[in-house]
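One structure is given here, and the rest of the page talks about it.
The values are calculated or read from the model by the stated rules, or taken from the named source; none is laboratory data. Model, not experiment: these values are computed from the prediction. Note: ideal-geometry Cβ built from the backbone for every residue, glycine included; neighbour counts use all protein chains shown.
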Amino acid sequence: MSVLRGLFLTSVAALAAQSAVAQDLRTDALDYFKPLPSTVPAVADNPITEEKIDLGKALFFDPRLSASGVFSCYSCHNLTTGGDDNMETSVGHGWQKGPRNSPTVLNAVFNEAQFWDGRADDLKAQAKGPIQAGVEMANTPENVVATLSSMGDYVTWFTDAFPEDGEPVSFDNMAKAIEAFEATLLTPAPFDAWLNGDDAAMTEDQVAGSGACSWIRAVCRATPV
Ligand code: HEC
């Protein structure tokens with residue numbers, strides 16, 4: 001066997017070994033992570049439409065959902081800083097400091113349950129909480145519906161988003177629209193493409209780094225939730 005041929009075969013074998021290692025890492029990672037999808041997932045009891053997403057987006061950014069007219073969902077879930085407020089605990093109504101840290105809303109649609117203690121089943125149940133919480137937006141459902149009904153654009157948007165509903169402007173529908181918008185807050189990354197089988201999505205170093213998954217797993221398992 002010529003030296004060149006020998007070299008060639010050695011490098012082919014090395015490449016094959018490398019890709020086998022990458023494959024093992026992927027299989028290992030898939031035991032613990034599911035790839036984030038790049039399309040909006042379906043949610044229970046709330047078919048997602050463009051109209052609902054647009055309405056939910058307007059609501060998410062609107063401080064008029066709070067009693068003071070100062071706080072919106074975005075105040076504590078800033079989408080340009082990772083979907084939270086980067087503070088130890090959040091500041092809400094009357095500049096009160098709340099008891100808890102605000103988690104990110106990014107990819108929250110995939111949470112098994114919402115809030116640190118999982119007390120809301122899904123995002124539509126969750127959205128009603130902060131609006132009524134004394135330290136957050138301190139409002140009442142009646143007042144929210146009265147405020148939204150007083151604005152012609154909102155009445156049109158609610159009617160477009162809930163065309164079958166005799167009373168489209170309601171607290172329930174507000175929560176459903178916010179859930180629809182939040183379901184669009186997804187951040188699929190190269191790691192997800194790699195999990196999906198795209199070898200070119202990550203560099204060799206990054207793939208090797210995915211071995212760090214083992215470390216993350218060890219930490220997550222050791223930390224009670
Ligand atoms: C004053 C700050 C503040 C405002 C305003 C606020 N939130 Fe939150 N949010 C928090 C805090 C703090 C938590 C965690 C509370 C807990 O677990 O008890 C939270 C939890 C959440 C969660 C759960 C995420 C998870 O991983 O469990 C979602 C989703 C969410 N908020 C969405 C919203 C929406 C939608 C609005 C507007 C209707 C809103 N928030 C308004 C501070 C705020």
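Residues of segment 180-193 being assigned to a helix (DSSP H, G or I) and modelled with pLDDT of 95 or more, which ones?
Within segment 180-193, ALA180, PHE181, GLU182 qualify.
Counting just the residues of segment 126-142 that are of a type in the set (S, T, N, Q) and surrounded by 15 or more Cβ atoms within 10 Å (Cβ to Cβ), which one comes out nearest to the ligand (Cβ to nearest atom)? First the steps, then the outcome.
Here is the first cut: in segment 126-142, the residues of a type in the set (S, T, N, Q) are 126, 132, 139-140.
Checking the rest, the ones that are also surrounded by 15 or more Cβ atoms within 10 Å (Cβ to Cβ) come to 126, 132, 139.
On the way: GLN126: 5, GLN132: 10, ASN139: 10 Å.
Per the stated criteria, the residue is GLN126.
Close Cβ contacts (under 9 Å, 6 or more residues apart or on different chains) running from residues in segment 66-88 that are surrounded by 14 or more Cβ atoms within 10 Å (Cβ to Cβ) to residues that are part of a strand (DSSP E or B) and of a type in the set (A, V, I, L, M, F, W, C) comprise PHE71/VAL91; SER75/VAL91; CYS76/VAL91; ASP85/VAL91.
Does LEU25 qualify as being more than 10 Å from the ligand (Cβ to nearest atom), assigned to a helix (DSSP H, G or I) and either at pLDDT 95 or above or in contact with a helix residue (DSSP H, G or I) (Cβ under 8 Å, 6 or more places away or on another chain) (or both)? Steps first, answer last, please.
Working: more than 10 Å from the ligand (Cβ to nearest atom): yes; assigned to a helix (DSSP H, G or I): yes; either at pLDDT 95 or above or in contact with a helix residue (DSSP H, G or I) (Cβ under 8 Å, 6 or more places away or on another chain) (or both): yes.
So LEU25 passes the test.
Number of residues in segment 86-98 that are more than 7 Å from the ligand (Cβ to nearest atom) and within 22 Å of the chain's Cα centre (by Cα) equals 3. When LEU123, LEU148, LEU55, LEU65 are screened for being more than 10 Å from the ligand (Cβ to nearest atom), hydrophobic (A, V, I, L, M, F, W, C) and either within 22 Å of the chain's Cα centre (by Cα) or within 28 Å of PRO188 (Cβ to Cβ) (or both), only LEU55 passes. Just wondering, is there one or more residues in segment 50-59 that are touching an Asp or Glu at 6+ places or on another chain (Cβ under 7 Å), surrounded by 14 or more Cβ atoms within 10 Å (Cβ to Cβ), of a type outside the set (Gly, Ala, Ser) and modelled with pLDDT under 95? Checked segment 50-59: no residue is touching an Asp or Glu at 6+ places or on another chain (Cβ under 7 Å), surrounded by 14 or more Cβ atoms within 10 Å (Cβ to Cβ), of a type outside the set (Gly, Ala, Ser) and modelled with pLDDT under 95.
For the condition touching a strand residue (DSSP E or B) at 6+ places or on another chain (Cβ under 9 Å) and more than 8 Å from the ligand (Cβ to nearest atom), ASN78 qualifies.
Tell me, please, whether a residue that is more than 10 Å from the ligand (Cβ to nearest atom), among the hydroxyl-bearing types (Ser, Thr, Tyr) and touching a Lys or Arg at 6+ places or on another chain (Cβ under 9 Å) can be found in segment 191-212. Before the answer, list the steps.
So in segment 191-212, the residues more than 10 Å from the ligand (Cβ to nearest atom) come out as 191-212.
This time we only want the ones that are among the hydroxyl-bearing types (Ser, Thr, Tyr), so: 203, 210.
Now drop any that are not touching a Lys or Arg at 6+ places or on another chain (Cβ under 9 Å), which leaves 210.
Yes, that holds for at least one residue.
Given the criteria under 17 Å from ALA183 (Cβ atoms), within 6 Å of the ligand (Cβ to nearest atom) and among the small types (Gly, Ala, Ser), does ALA113 qualify? No; evaluated as a whole, the condition is false for this residue.
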